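As structure tokens, the structure follows; a few thoughts come after it.
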């Protein structure tokens, strides 16, 4: 059993390094934790605590962009990524939709997510109990922490469905928490994001899009309402983000989209959180084929996905590369595989293109086909494709929604498991994934609750099929 370690420094932030928040069941409360009164005795230390959470997002498995991230594993679960080496069993299980509850990568997603949730809960409690933080700082930190908590819960609930809903740092009760319904989890997500919108302003701190503003919270809430099929709210929120043309824009040069502080970025995570001299993103590291030891690379793009592109599609030309040695296509959204130079790319989490796709889908579901075509044509025009308004203005509602789904697949591939979650929420996972997978079962749309967590917490039930 790994020990839980808390390290707090008033100048560099707050870092919780632990194996899992559930580990509290088997250890006593650490006697060396600096109390919230000390951590939040002024604005500087409180801000340092939040900076620690942002840094931890880059090293936490689910949000890191590394092999155990939502981006990589949900990409394998869908029809986007495939493993290069079939001997890598823990990755192959995601590729085949046959995940063992003892899969260590699955445990890493779960435990790292709850680690971040514990950190945000601790920060929120510390702010609530401190009288030494100014109102301006308190509001901003609370808004950012609630966004991060909502963002983490959103990923977990979409991977596992019913999950424990933890809103305090009481490790004794957290360690034995049962699963709450997904409806209850979504209620907290929406409440946290609404609070975040009200607490935050429009500006990015120091111009860095690694810190969130109120439009970041609006963008995520738009996605939440899309998933909840609340089309009107999804359209309204995405429209507010899109309207901020002075802050955000669709970049014509696709090679600039994933650069640090790109004008298309709504929220990014910086590799600086790694805390080493290396400056590349994890996505660049795992997706770009190793130039020396190509056979050691793990991920390739599926043939079906590559074939879904038209030859003239700029996304195919700029965001995909072919490795002749392995005879595979691989993602090339990030251009740097390994570097110790100045950071030039940040990991993308939320960007403007998704907001156009959200609004397009919300509009088509409200029978505003003209508005939906206008939105999807923004994405198609940037990709160098013919416009629907010119080639198929009378497209049916059903065909237009399918077109939007296809554009989501080609635009958002290898970004936070969009394709996997799209297939699930639209009820098409069995149809599209089961057709080429004899092992497919309808219960495969959910990941298993990690067996290691269930052994420590007898109140955690398992998802069906595992």
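Of the residues making up the stretch 221-237, those that are within 16 Å of residue 422 (Cβ to Cβ) and either part of a helix (DSSP H, G or I) or touching a residue at least 60 places away in the same chain (Cβ under 8 Å) (or both) are 222, 223, 224, 225, 226, 227, 229, 231, 234.
The helices (runs of 4 or more DSSP H) falling completely within the stretch 351-466 that include 2 or more residues that are farther than 30 Å from residue 91 by Cα map to 352-365, 369-382, 388-391, 397-411. Among the conditions (1) part of a loop (DSSP other than H, G, I, E, B); (2) surrounded by fewer than 18 Cβ atoms within 10 Å (Cβ to Cβ); (3) in contact (Cβ under 8 Å) with a residue 12 or more places away in the chain, residue 295 misses just one, which is (1).
For the stretch 321-336, filtering for residues that are in a loop (DSSP other than H, G, I, E, B), without any contact (Cβ under 8 Å) to a residue 60 or more places away in the chain and surrounded by fewer than 17 Cβ atoms within 10 Å (Cβ to Cβ) leaves 3. The single condition from (1) closer than 23 Å to residue 185 by Cα; (2) within 21 Å of the chain's Cα centre (by Cα) that residue 242 fails is (1).
Only one of the numbered conditions (1) in contact (Cβ under 8 Å) with a residue 12 or more places away in the chain; (2) over 19 Å from residue 316 (Cβ atoms) is not met by residue 368, and that is (1).
Would you be able to tell me the number of residues in the stretch 298-315 that are in a helix (DSSP H, G or I) and within 26 Å of residue 433 (Cβ to Cβ)?
Step one: filter the stretch 298-315 for residues in a helix (DSSP H, G or I), giving 303-307, 314-315.
Restricting the remaining residues to those that are within 26 Å of residue 433 (Cβ to Cβ) gives 303-307, 315.
Qualifying residue count, the stretch 298-315: 6.
With respect to the conditions (1) outside any loop (DSSP other than H, G, I, E, B); (2) surrounded by fewer than 15 Cβ atoms within 10 Å (Cβ to Cβ); (3) out of contact with any strand residue (DSSP E or B) (no Cβ under 8 Å at 6 or more places or on another chain), residue 318 lacks only one, and its number is (2).
Pick from 401, 428: which is surrounded by fewer than 20 Cβ atoms within 10 Å (Cβ to Cβ) and under 27 Å from residue 249 (Cα atoms)? Before the answer, list the steps.
Working: 428 fails: under 27 Å from residue 249 (Cα atoms).
None of the others qualify; the one that does is 401.
Scanning the stretch 196-224 for residues being over 16 Å from the mean Cα position of the chain (by Cα) and crowded, with 18+ Cβ neighbours inside 10 Å gives a total of 8.
Every number here is computed from the coordinates shown, using simple stated rules; none is lab data. No experiment lies behind these values; they were computed from the predicted model shown. Counting neighbours? That spans all protein chains shown, and the Cβs are built from the backbone with ideal geometry, glycine included.
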